[in-house]
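Remarks on the structure that follows.
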Amino acid sequence: MNSSKLKKIIEQAIQGNELPFDRFVKDLFEQLKPKLLSLTQSQQETEDIFIGAMQKFWERFVVLQEKLPENSIGYIFVMCKNNWLISKRHPWNSVVLKETISEDQKFNDHNNNINDSLENLEIEWLQKRALSEALDSLSQKCKTLMQTEIDSDTKLKDLQEQLGYVNYQALVQAKYNCKKRLIKKVYEIFDQLMALKQR
């Protein structure tokens, strides 16, 4: 897929039409699956690392609207590979919600010049509050799926029957959609809290 077509899909997602992006994700998974399977030797692990990469891709290029890399497909494959390497180092939990918040210190970029530790503590508190409020806004099913991100004892595959998903892929897709909504909500709430703080 050329970058202008992907740019258009991302623009639609930013405007609220996420269907083309979801189709892009499904098609890309089928495209990358053989390469990823040769890496992981496991269908479940392949799905997990791909979804983790797409969540980060969504955050960077839809939520934060960063400039797309020249070769987005190659970039996503490298992200998948990195996720796999991280999961080998930390097999109990390859993606943690806290990473979503602190990654690249996105929230703190505009405060880099502030050395006041009280100010930084307040920002940190607002981040945690935004995450907490965003989690509360999710459906019970989504909350349960997100629990696997912060509780290493809860395994995603154990929730398939409990939550009524016909197969593991449907469960992984549901978790991806929940995480996508959560990331969007965290940023929305954090922006509102920052606006209130600056009044």
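Quick one: of LYS7/LYS35; LYS8/LYS67; LYS7/LYS56; LYS7/LYS88; LYS35/LYS56; LYS33/LYS184, which pairs are farther than 22 Å apart, Cα to Cα?
Numbers: LYS7/LYS35 25 Å; LYS8/LYS67 13 Å; LYS7/LYS56 16 Å; LYS7/LYS88 33 Å; LYS35/LYS56 20 Å; LYS33/LYS184 27 Å.
Among LYS7/LYS35; LYS8/LYS67; LYS7/LYS56; LYS7/LYS88; LYS35/LYS56; LYS33/LYS184, the Cα-Cα distance tops 22 Å for LYS7/LYS35; LYS7/LYS88; LYS33/LYS184.
How much solvent-accessible surface does ASP22 expose, in Å² to the nearest 10, with a 1.4 Å probe and all protein chains in place?
ASP22 has an accessible surface of roughly 30 Å² with all protein chains in place.
Above 15 angstrom, tally the Cα pairs of the stretch 145-199 and express them as a % of all pairs, no decimals.
The calculated P(r) of the stretch 145-199 puts 58 percent of pairs beyond 15 Å.
At 0.36 nm per residue, and after removing the present C-alpha to C-alpha distance, how many nm does the segment from VAL166 to ALA195 gain when stretched out fully? It would help to have the intermediate numbers written out before the result.
Numbers: separation 29, 0.36 × 29 = 10.44 nm, distance 4.31 nm.
The span from VAL166 to ALA195 would gain 6.1 nm if fully extended.
The values are calculated or read from the model by the stated rules, or taken from the named source; none is laboratory data. These numbers come from a predicted model, not from an experiment. For accessibility, only protein heavy atoms count, side chains too; no ligands or nucleic acids. Shrake-Rupley method; radii C 1.70, N 1.55, O 1.52, S 1.80 Å.
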